[in-house]
Amino acid sequence: MLKLFKKKNKNVEKKIFDMNREENLPILELKDEQNFEKTIKVLIIGNSLTLHPISEKVNWERVCGMAASSKENDYVHLLFEKLKTYKENILFKYTNYAIFEREFEKISINELVEFNANFIIFQLGDNVSDLDNFKQNYIELINCFKNEKTAILLTTPFFYSNEKNRIVSDVAKNTDSFLIDLSNLYSDKRNFAKAEYNYKHKGVGLHPGDFGMKNIADAIFITINAIKKRPI
């Protein structure tokens with residue numbers, strides 16, 4: 001089974017090569033402020049699954065997580081809506097940080113660190129090719145954000161890789177972070193956007209569609225919900 005996944009992953013890497021090539025992508029915000037006593041702040045640092053700009057090169061026409069049918073259906077917005085069930089003000093910041101995956105560059109993190117989020121979700125690893133240095137650089141990035149009042153959550157890559165999963169698991173152990181395993185999503189074809197729409201660029205179609213985005217949002221929410229019920 002692992003050989004099958006590895007073979008598929010080589011093809012996937014070729015098809016998604018054009019993704020996440022942009023640098024200095026914006027930090028976007030979502031807010032739901034209703035004058036509640038408490039406020040929950042969530043920071044999401046991800047790649048194209050979290051945010052991808054319009055790109056003629058790959059025929060992508062939306063500014064949202066690739067490849068949701070609309071921004072309301074990407075996992076960031078779905079998670080935002082789920083957190084509204086709490087009687088708290090909700091503040092989100094999210095950005096595409098794929099430059100870290102490709103070059104291990106720590107650019108423009110001051111604003112992210114100063115946000116002082118209650119929950120930080122790192123959705124990284126899919127575009128990493130330099131596995132030898134991935135672990136240590138990821139640990140160093142996460143340590144920039146660690147404090148006693150912040151819960152850090154790491155997702156395993158959506159595009160299955162046994163070795164990357166192992167590295168992300170090790171990083172979670174070394175940084176006392178929560179681990180959200182997305183590996184099972186890759187084995188279910190319904191999670192791919194190509195199951196919902198025939199995208200011109202094959203790499204776009206391999207990203208999670210609405211069904212996959214919902215499953216990612218559900219997995220993250222389950223972990224946040226458990227943490228909130230057992231305050232750190």
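The values are calculated or read from the model by the stated rules, or taken from the named source; none is laboratory data. None of these values were measured; they are calculated from a predicted model. Cβ coordinates were reconstructed from backbone atoms using ideal geometry, including for glycine residues, and neighbour counts include every protein chain displayed. Surface areas here come from the heavy atoms of the whole protein model, side chains and all, with no ligands, DNA or RNA. Shrake-Rupley method; radii C 1.70, N 1.55, O 1.52, S 1.80 Å.
A few remarks follow.
- Enumeration of residues in segment 163-194 that are open to solvent by 70 Å² or more (accessible area, probe 1.4 Å) and either of a type in the set (F, W, Y) or more than 27 Å from E148 (Cα to Cα) (or both): E163, F178, N184, S187, K189, R190, K194
- Against the conditions (1) within 15 Å of the chain's Cα centre (by Cα); (2) over 26 Å from I40 (Cβ atoms), D132 satisfies every one except (1).
- Residues in segment 51-85 that are more than 15 Å from A217 (Cβ to Cβ) and open to solvent by 40 Å² or more (accessible area, probe 1.4 Å): I54, E56, K57, N59, E61, R62, V63.
Conditions tested, residue by residue: (1) without any contact (Cβ under 8 Å) to a residue 24 or more places away in the chain; (2) under 20 Å from E81 (Cα atoms).
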position	(1), (2)
Q136	yes, no
I142	no, no
L185	no, no
Y197	no, no
K200	no, no
H207	no, no
D210	no, yes
N215	no, yes
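- Pairs, first closer than 16 Å to N143 by Cβ and part of a loop (DSSP other than H, G, I, E, B) in segment 160-174, second open to solvent by 30 Å² or more (accessible area, probe 1.4 Å) and among the aromatic types (F, W, Y), C-beta under 6 Å, six or more apart: none
- For segment 97-144, taking the residues that are β-branched (V, I, T) and surrounded by 13 or more Cβ atoms within 10 Å (Cβ to Cβ), the one that is nearest to L182 (Cα to Cα) is identified as I121.
- Where a residue in segment 144-155 is more than 18 Å from I109 (Cα to Cα) and its partner, wherever it lies, is among the aromatic types (F, W, Y) and surrounded by 15 or more Cβ atoms within 10 Å (Cβ to Cβ), with Cβ under 8 Å and at least six apart: T155/F122
- Counted residues, segment 57-82 - those being assigned to a helix (DSSP H, G or I), within 17 Å of the chain's Cα centre (by Cα) and in contact (Cβ under 8 Å) with a residue 24 or more places away in the chain: 8
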